[in-house]
């Protein structure tokens, strides 16, 4: 059994929308057939923590782990991730009725900026070098995005389209089932929804040099059923028609080896949700606060995440 431990040091993380750390939509992933003469185990863990005090009060942390087992034409992979972040911001107090624009005091308000977790498993059965079947299961949550729970699974067919010294191109088609519940809001009932979707995936691994590799992938999910309890972003009323809740995830990544045990990776992820979840009441709001009956904001349709990471392998 071979165990791989890695220390991951975050260098840069830029989010052009709300913070995204643990993925809650089905992950863009694929497995490639590899000749395995004996049972092979792999494991990796990573984590990060950022704390600031004084003029800026923030707490951000994330942990993740993955493990896989290969034997003959079978591969089982498991992964999990957890992320949490909180910031304290200053808010003005207008305490002088005669001067309503005059700030008389500053209050501190604690705001939850990240709260997500994920667990996923995937099984691949390789029938031939170019053909395989897959099945996945996952459970997750992203409360900042309005989703208190996401569960489901996928089944489908994977095909290796091209393999050369530089290129590995794969495509997958299949079925996806998702079960989602929204974060509850005072005075409103947001029912759970079930989504049946067609799944299409294309991914490539490109070997640029002996020490540098590039990966790119796109996955799309097209809802096939009418989501009766889902709130439509267009009408603000329950009911989302088929093909009106398309979800797309695109990924780009570059990894290069700097030293024998030290490597660096750059990654960019874009997620699009045609019908996002209703936004929850912002963290730090007074107890019992809620949106007006005629007002319902939604999470952003597009999230992006840019990361730069150093990985040092001890064993």
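A short reminder: the numbers here are calculations on the coordinates, not readings from a lab. Since this is a predicted model, take the numbers as computed values, not measurements. A quick note on method: Cβ atoms are made from the backbone with ideal geometry, for glycine too, and the neighbour counts reach across all protein chains shown.
If neighbour count is taken as other Cβ atoms inside 10 Å, put 41, 117 in order from fewest to most. Can you show the working numbers first?
On the way: 41 13, 117 18.
Starting with the residue having the fewest Cβ neighbours, the order is 41, 117.
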### Query
Any idea what the relative contact order of the chain is, in percent, if you count C-alpha pairs under 8 Å spaced at least 6 apart?
17
### From the coordinates shown, semi-axes √(5λ) of the Cα gyration tensor in Å corresponds to which of [x] 39, 27, 16; [y] 30, 20, 18; [z] 44, 29, 14
[x]
### Message
For a quick check: sort 237, 166 by the number of other beta carbons within 10 angstrom, fewest at the front.
### Response
237, 166
### Message
Would any residue of the stretch 93-116 have its amide N under 20 Å from a label point 7 Å out along Cα→Cβ of residue 295? List them or say none.
### Response
93-94, 101, 109-112
## Note on the structure
Site residue 165, offset 7 angstrom along Cα→Cβ, radius 14 Å on amide nitrogen, limited to the stretch 204-224, gives 207-211
#### Entry: Taking only Cα atoms of the stretch 126-227, radius of gyration then Dmax in Å
18.0, 60
### Task
Return the whole-Å distance between the Cα centroid of the stretch 151-228 and the Cα centroid of the stretch 34-106.
22
### Query
Length gain on complete extension for the stretch residue 137 to residue 188, per 0.36 nm per residue less the alpha carbon to alpha carbon distance?
15.3 nm
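Please give the peptides 259-265, 104-110 ranked by average Cβ packing (other Cβ atoms within 10 Å per residue), highest first, as a rough proxy for protection. Present the calculation step by step, with values, prior to reporting the outcome.
Working: 259-265: 12.7, 104-110: 10.3.
Highest-to-lowest ranking by the protection proxy: 259-265, 104-110.
Among 120, 236, 69, what is the fewest-to-most ranking by other Cβ atoms within 10 Å?
Details: 120 20, 236 12, 69 16.
In increasing order of surrounding Cβ atoms, one gets 236, 69, 120.
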### Query
How much length, in nm to one decimal, is gained on full extension between residue 71 and residue 226, taken as 0.36 nm per residue of separation minus their Cα-Cα distance?
51.7 nm
### Summary
In nm, the gap between the two label points placed 7 Å beyond Cα toward Cβ at residue 127 and residue 99 is 7.8
